[in-house]
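Read through the structure below, which is laid out as structure tokens, and then see the notes.
Values in this text are rule-based calculations from the coordinates and carry no lab data. Given the structure is predicted, the values throughout are model-derived calculations rather than measurements. Please note: Cβ atoms are built from the backbone with ideal geometry, for glycine as well, and neighbour counts cover all protein chains shown.
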Amino acid sequence: MSTFKIVVTAIFAVSFVVGVGLFAVSKGTSSKQTANLVVWGTVSSGVFNQALENSSLKDSKLIKISYIEKNASTFDTEFIEALADGVGPDVVIIRDDYVYKNRNRLLVIPYTNYTERSFKDSFIEAGEVFLSPEGVVALPFTIDPMVMYWNRDLFSNSLIAEVPKYWEDFYGLIEKTTKRDSNANVLQSTVAMGEWSNITNAKEIISMLMLQAGTPITSRTETGASSVLNSKLNYTIIPAESAINFYTQFSNPTSQNYTWNRSLPTSLNMFLSGKLATYIGFASEIFSIQQKNSNLNFDVTYVPQIREANKKTVFGRMHAVALVKQSNQLAGAFTLASALTETSAIKSLESITNLPPVRRSLVGNKPTDAFRLVFYNSALISSSWIDPDFVGSNKVFRDMIDSITSGRSRVSDAIDRADSELRVLLK
């Protein structure tokens, strides 16, 4: 090794040790730390301020904090440019599918400073997507679980007493709630699945079906993560294949379960117009739905499950707090991240986000409100996956579905290609 490489390696080693030392100091004497921190986030300023005002740093005179709200679509570019110019933030609050792609810019908190046991005892299981072999990549901040909205009038008019609890229950609903004209055009639909372009939350629905079927989609490795989309994982058939077969059948005109096609409005608009019996969306969408059609008679329930599955699962979208590796105020940054995710801060977020808390001690206190009870319970069974790049993986999933529904590819071939493309993104 050349002298230059030895010196560079030594510098990085010393920096890491210093960083760990700062963490140790901050945990023991956080009240004595001084810092002037800059935080970037893709959550609103109102959400950030709510958490800060209800944290232990509310009245701190030693740590000054400046929050800059960022657009998610331009966050990565701005983040990279700021770090290159040496003016990047100390802490970031980003969505879970932005964490992995920025992993080399974020500081992993060693388990010696934030134990895996403490993390699992503190946060719901969905947050474990932020655990790496080396330590904690980010701390959970918010959770937005998927739920199922259903049109009460359509169910009542069809004399259906109960909403589907299992996916197979939809088969008995289609002939009662799907309406077609003489040319087989869909006028009223039971469920929006099968296509991509006009299905709101298509990627998340597909991800959820795969997670329920038994594939984590991606898995941690010693060097990062790898795709397992095309793996059997001790099942008789590839879990992703059974999930995609189920999803695409609803847009197949030759299937007896045909209830959707790409000529229809978006699934959200179809539901808002009262022509879609069930809509799979996020908990955060409830007030938007109410505001856009105040006359819509709907309710909220749990996303259906696979009957024979050993574990209930829904997809949950998370935001998390992470430390920026390049920050020269790591002790203060760690103190802030801990404060923003402590019990009092997380508890206060529900009043502004209407979302369930990410802390186990809070989500266990079940509300009496019917909607919120569904949200809380859904948060407990929420899961996610290591998404290497939101835009890139979106294209992978879209191409997979479009190639199947257009007849260009068999399901097995489309999944094999998607698996290869995900592996490239993960690298």
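Classify the stretch 97-166 as rounded, prolate or oblate, taking a ≥ b ≥ c as the square roots of the eigenvalues of its Cα gyration tensor: rounded when a/c is under 1.5, otherwise prolate if a/b is larger than b/c and oblate if not.
Verdict is prolate for the stretch 97-166.
Please list, in order along the stretch 276-290, the HN-Hα scalar couplings obtained from phi with the Karplus expression 6.51 cos²θ - 1.76 cosθ + 1.60 (θ = phi - 60°), rounded to whole Hz, x for Gly and Pro.
10, 5, 9, 10, 9, x, 8, 4, 5, 7, 4, 6, 5, 5, 4
Charges on Cβ only, +1 for Lys and Arg, -1 for Asp and Glu, centred on the Cα centroid of the chain; of Thr343, Phe315, Ser412, which one is farthest towards the dipole's positive end?
Going by the charge dipole, the pick is Thr343.
For Arg152, Arg95, which order do you get if you count the other beta carbons within 10 Å of each Cβ and list the fewest first?
Arg152, Arg95
Using a Gaussian network model of the chain whose springs link C-alpha atoms within less than 10 Å, name the residue from Ala35, Ala379, Ala277 with the highest mean-square fluctuation.
Largest GNM mean-square fluctuation: Ala35.
Against the longest principal axis of the chain, how steep is helix 370-380, in degrees 0 to 90 to the nearest 10, with axes from Cα atoms?
The angle comes out near 60 degrees.
In what sequence, highest mean first, do 408-414, 203-209 appear when ranked by Cβ atoms within 10 angstrom?
Ranking the peptides 408-414, 203-209 by packing returns 203-209, 408-414.
Please determine, in degrees from 0 to 90 and to the nearest 10, the orientation of helix 72-84 with respect to the longest principal axis defined by the Cα atoms of the chain, where the helix direction is its Cα long axis.
Helix 72-84 sits at roughly 20 degrees to that axis.
Amide H to amide H under 5 Å from Tyr111: which residues, 5+ apart in sequence or cross-chain, H placed 1.01 Å off N in plane?
Val136
Compute the Cα gyration tensor for the stretch 268-427, then decide on rounded, prolate or oblate, letting a ≥ b ≥ c be the square roots of its eigenvalues: rounded whenever a/c is under 1.5, prolate when a/b is larger than b/c in the other cases, and oblate in all that remain.
Here the stretch 268-427 falls in the oblate category.
I need the fraction of alpha carbon pairs in the chain separated by more than 26 Å, rounded to a whole percent.
Value for the chain: 58 percent of Cα pairs lie more than 26 Å apart.
Only Lys, Arg, Asp and Glu count, each charged at its Cβ (+1, +1, -1, -1), so figure out the dipole size of the chain about its Cα centre, rounded to 20 debye. Show your work: numbers first, answer last.
Working: 41 positive and 40 negative charges, 88 e Å.
For this selection, approximately 420 debye.
Order these peptides, 212-224, 190-202, 315-327, by their mean beta-carbon neighbour count within 10 angstrom, highest first.
Descending mean neighbour count gives 315-327, 190-202, 212-224.
Helix 330-340 against the longest principal axis of the chain: what's the angle in degrees, Cα atoms only, rounded to the nearest 10?
The answer is roughly 40 degrees.
Based on DSSP, what percent of beta bridges with both residues in the chain are antiparallel, to the nearest 5?
Here the antiparallel bridges make up roughly 70 percent for the chain.
Among Tyr98, Tyr376, Tyr67, determine the one that fluctuates most according to a GNM of the chain built with springs between C-alpha atoms less than 10 Å apart.
Highest fluctuation among the options: Tyr67.
Give me the net charge of Asn297's neighbourhood, meaning all other residues with Cβ under 9 Å from the Cβ of Asn297; Lys, Arg count +1, Asp, Glu -1. Intermediate results must be reported in sequence, preceding the final value.
Values: positive: Arg152; negative: Asp153, Asp299.
Surrounding charge for Asn297 is -1.
Note the direction-averaged projected area, equal to a quarter of the hull surface, for the Cα convex hull of the stretch 235-356, in nm². Mind showing how you got there, number by number?
On the way: hull surface 52.3 nm².
So the mean shadow area of the Cα hull is 13.1 nm².
Can you list the residues, at least 5 places off or on another chain, whose amide H is less than 5 Å from the amide H of Lys179, using H built in the peptide plane?
Counting only residues 5 or more places away or on other chains, the set is Leu187, Gln188, Ser189.
Rounded to the nearest Å, what's the spacing between the alpha carbon centres of the stretch 168-204 and the stretch 83-114? Just the number, please.
So the separation of the two Cα centres works out to 41 Å.
Picking from Tyr98, Asn293, Leu52, whose Cα lies most toward the positive end of the charge dipole for the chain (charges on Cβ: Lys, Arg +1; Asp, Glu -1)?
It is Leu52.
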